[in-house]
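Read the structure below first, then the notes.
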Amino acid sequence: MQKNNVNLPIIVTARHMDVTDAIRDYAHKKVEGLHLDYPRIIEAKVILDVQNHRLQMAEIILFCADHIVIEVKSITEDIYASIDESIAKIARRMRKYKTRLLKSHRPRKDGSIRHLEEHVFHEDSMHKDEEQIEPSYVHKEKYKIRPLYADEAIMDIEISDKPFVLFHNQQTHRLAILFRRKDGEYGLIEPEFSTDANGVAHTK
């Protein structure tokens with residue numbers, strides 16, 4: 001068991017508020033006190049924010065071994081309570097993931113995940129002569145595409161708030177999207193390619 005996180009790099013930043021030494025020390029102690037059997041935490045970020053002059057948000061991002069990233073966010077009227085709630089969320093999600101993992105016992109080497117439904121992008125649906133409308137972004141952020149197996153992507157989505165995971169599938173060597181379905185299971189979207197006489201790949 002990972003009983004403590006000695007000398008763990010923890011970065012505490014804030015938006016629309018000043019971080020006092022007391023708040024910084026509290027966030028550090030809470031993250032250092034996380035007891036995870038798995039995965040091993042490599043680095044942690046704590047982002048604090050005040051919204052609408054009243055609501056206070058604490059977002060915790062854990063960068064762990066095996067390409068695992070755990071992200072949680074909590075909003076209350078007290079910054080200390082928000083930090084506590086985010087820490088509790090991490091613990092609950094890890095318990096949920098371990099329960100699912102113990103039930104499945106799926107070997108990664110064959111890449112078989114029974115509850116994944118695969119979809120194919122067809123060329124006629126990707127190229128349409130429609131009027132191009134400039135989209136407006138509600139929130140724009142960078143997304144890091146990581147090399148994962150499908151079961152690792154499931155683990156990633158289980159321990160995060162994300163509705164989907166975009167990753168480079170290490171079994172098929174293609175980009176793929178794993179997403180939550182309304183029935184609680186998962187779907188896998190992955191483009192399908194064919195090769196012409198010249199060896200050039202095209203989407204079907």
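Filter the range 5-16 for residues that are in a loop (DSSP other than H, G, I, E, B) and surrounded by 11 or more Cβ atoms within 10 Å (Cβ to Cβ); which is modelled with the highest pLDDT? Among residues in the range 5-16 that are in a loop (DSSP other than H, G, I, E, B) and surrounded by 11 or more Cβ atoms within 10 Å (Cβ to Cβ), the one modelled with the highest pLDDT is Pro9.
Being aliphatic (A, V, I, L, M) and at pLDDT 70 or above is the requirement here; does Ile87 meet it?
Working: aliphatic (A, V, I, L, M): yes; at pLDDT 70 or above: yes.
So Ile87 passes the test.
Screening Ile75, Ile61, Ile70 for residues that are out of contact with any helix residue (DSSP H, G or I) (no Cβ under 7 Å at 6 or more places or on another chain) and assigned to a strand (DSSP E or B) leaves exactly one candidate, Ile61. Considering (1) at pLDDT 85 or above; (2) surrounded by fewer than 17 Cβ atoms within 10 Å (Cβ to Cβ), the lone condition that His139 does not fulfil carries the number (1).
Filter the range 17-28 down to residues that are of a type in the set (D, E, K, R) and surrounded by 11 or more Cβ atoms within 10 Å (Cβ to Cβ) and give me whichever is nearest to the chain's Cα centre (by Cα).
Restricting to residues being of a type in the set (D, E, K, R) and surrounded by 11 or more Cβ atoms within 10 Å (Cβ to Cβ), the top hit is Arg24.
Taking the conditions (1) modelled with pLDDT of 55 or more; (2) within 25 Å of Lys182 (Cβ to Cβ) in turn, Glu117 satisfies each one other than (1). Once the range 154-204 is narrowed to residues that are of a type in the set (Lys, Arg) and under 27 Å from Ile61 (Cα atoms), the residue that is modelled with the lowest pLDDT is Lys162.
Of all residues in the range 29-46, those satisfying the criterion of being in a strand (DSSP E or B), at pLDDT 90 or above and surrounded by 18 or more Cβ atoms within 10 Å (Cβ to Cβ) are Ala44, Val46.
The values are calculated or read from the model by the stated rules, or taken from the named source; none is laboratory data. Quantities reported herein were computed from a predicted structural model and do not represent experimental measurements. Note that we place each Cβ from the backbone using ideal geometry, even for glycine, and neighbour counts take in every protein chain shown.
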